[in-house]
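Notes follow once the structure below has been shown.
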Amino acid sequence: MDPVRHQKRALGFLSGILAKNNVAHALVFTGDAGLGKRQAAVHFAMARNCEGTPDPESAMFGSQGPCGVCGSCRKILSGNHPDVLFVEKRGASIKIEQIRDLLSVLAMRPSEGKTRVVLISGAGDMTASSSNALLKALEEPSDTTCFVLLAGQKSELLPTVVSRCQEIRFSPLPVSFLIESLENDGVDPDLAHACASIASGSLAKARALASDQGLARRNWLVNQLCALEDQGMGQALLLAEFLAKDKNAAQEDLNWIRTWLRDLLVSRYAPQRVINRDLMGLVNSRSAKSAPEVLLEKLQAVADCENDLTRNVNTRLSMENLCMRLSSGG
Ligand SMILES: [Zn+2]
């Protein structure tokens, strides 16, 4: 299932304005990357120009289309429709030359579409001069042109630009959907769960976390370490078995475990020195529950385990010893 299909509120709103033919001159779709904003915008452009008969069951906007198969729809889908214009950053920003080029195209009549749609992806990447140049076009509404800006949030745009756009918010995606998507990508279910849980409802973010193996592994490990404190010995042996499976990954795992324990220790004295800053809330709450002397003993357990591994002690036994010591003392 596409992420965009979870955007019932946004899609419902767009279907409504299409049905009433009451589309604002400029729209801004806001929300994190990976929520389906771009896909919705492309289908919106298709629906505005569709020449076919949509199947209300499968079309993104129901009876409002698009059909997805007519000549116009296919041209837009492939990025080849002369009246659907895509703008996105070149290098670090959307430059004023790009907006000037756009305005010169807009000065001419649409060549074949019913409605010209200008899709500005990453609108927050516009420079101030680009935004001001675009503002001129936004201030002069045209019956034949509709702007769709995509942005993370309104605050990325100049207030003068925002005030001329109707905002349509895209919601965070359900964690269950992110897990399912990552698993479909072939991500290990444990990692999928960890990445999905901290991805703020964004599939793009979840995929980035999952593709960054070190970070994903860290997140999984942190979850495991917290679970150890709550669930005790049985969990410890399960974790040890898992960690011992891949001896090559063991050193990396121990590094992450050490940084996590160290963070719990230093956060109350020197929060600016915490390494896993993106997990600050968890670091603080776990730190409050952990006595410094217990954390020091756990850090010693990690050091002992590292020693064992360099001395070729049985990996499984070393990991069991480590995990049991990590599970005690809360
Ligand atoms: Zn069509």
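If you plug the beta carbon distance of Ser211 and Glu140 into 1/(1 + (r/R0)^6) with R0 = 35 Å, you get a FRET efficiency near 0.20.
Here the alpha carbons of region 212-327 define both size measures, Rg and Dmax, at 13.4, 38 Å. Among Gly71, Val28, Leu134, whose Cα lies farthest out toward the positive end of the dipole of the chain, if unit charges sit on the beta carbon of Lys, Arg (+1) and Asp, Glu (-1)? Looking along the dipole axis, the top candidate is Leu134.
Restricting things to alpha carbons, find the Rg to Rh ratio for region 3-171 using the Kirkwood radius for Rh. Before the final figure, lay out the partial values.
Details: Rg = 15.0 Å, Rh = 15.9 Å.
Radius of gyration over Kirkwood radius for region 3-171 works out to 0.94.
Give me the extension gain from Ser111 to Ser200: residue separation times 0.36 nm, minus the current Cα-Cα distance, reported in nm with one decimal.
Computed gain between Ser111 and Ser200 is 27.9 nm.
So if I place +1 on the C-beta of Lys and Arg and -1 on the C-beta of Asp and Glu, and nothing else carries charge, what would the dipole magnitude of the chain be about its Cα centre? I want it in debye, nearest 20.
So the dipole magnitude of the chain works out to roughly 820 debye.
In whole angstrom, region 87-218 maps to an equivalent ellipsoid with semi-axes of 37, 15, 14, each derived as √(5λ) from the alpha carbon gyration tensor and ordered largest first. Over region 3-171, Cα pairs under 8 Å with separation of 6+ residues give a relative contact order of 32 percent.
Around the amide H of Val148, modelled in the peptide plane, lie the amide H atoms of Leu27, Val118, Leu119, Ile120, all under 5 Å away and 5 or more residues distant in sequence or on another chain.
The long axis of helix 128-139 is offset from the longest Cα principal axis of the chain by roughly 40 degrees. Modelled this way, with points 7 Å down the Cα-to-C-beta line, the labels at Leu237 and Asn22 are 6.6 nm from one another. Local charge for Arg109 was computed over the other residues whose Cβ lies under 14 Å away, with Lys and Arg +1 and Asp and Glu -1, and equals -1. What separates the Cα centres of region 229-261 and region 292-313 is a distance of 12 Å.
Could you work out the relative contact order of region 212-327? I mean the mean sequence separation of Cα pairs under 8 Å and 6+ apart, divided by the number of residues, in percent.
36 percent
Rounded to the nearest 10 degrees, the inclination of helix 175-184 to the longest alpha-carbon principal axis of the chain is 90 degrees.
Quotient of the Cα radius of gyration of the chain and 2.2 N^0.38 Å, N being its number of residues: 1.31. About the centre of its Cα atoms, region 60-110 shows a dipole size close to 60 debye [charges on the beta carbon of Lys, Arg (+1) and Asp, Glu (-1) only; nearest 20 debye]. In the chain, taking the dipole from charged Cβ atoms about the Cα centre, the farthest positive-side position among Leu282, Ala107, Val313 is held by Ala107. For region 66-160, what ratio Rg/Rh do Cα atoms give with a Kirkwood hydrodynamic radius? Reported Rg/Rh (Cα atoms, Kirkwood Rh): 0.97. Placing +1 on the Cβ of every Lys and Arg and -1 on the Cβ of every Asp and Glu, with no other charges, gives region 3-171 a dipole of roughly 180 debye about its Cα centre.
Between the Cα long axis of helix 96-106 and the first principal axis of the chain there is an angle of about 40°, rounded to the nearest 10. Accessible surface for Leu238 stands near 110 Å², nearest 10, in the context of the full protein assembly shown (1.4 Å probe).
The values are calculated or read from the model by the stated rules, or taken from the named source; none is laboratory data. The model shown is predicted, which means the values in this text are computed figures rather than measured ones. Please note: Cβ atoms are built from the backbone with ideal geometry, for glycine as well, and neighbour counts cover all protein chains shown. Note: accessible area is taken over every heavy atom of the protein model, side chains too, but ligands, DNA and RNA are not part of it. Shrake-Rupley method; radii C 1.70, N 1.55, O 1.52, S 1.80 Å.
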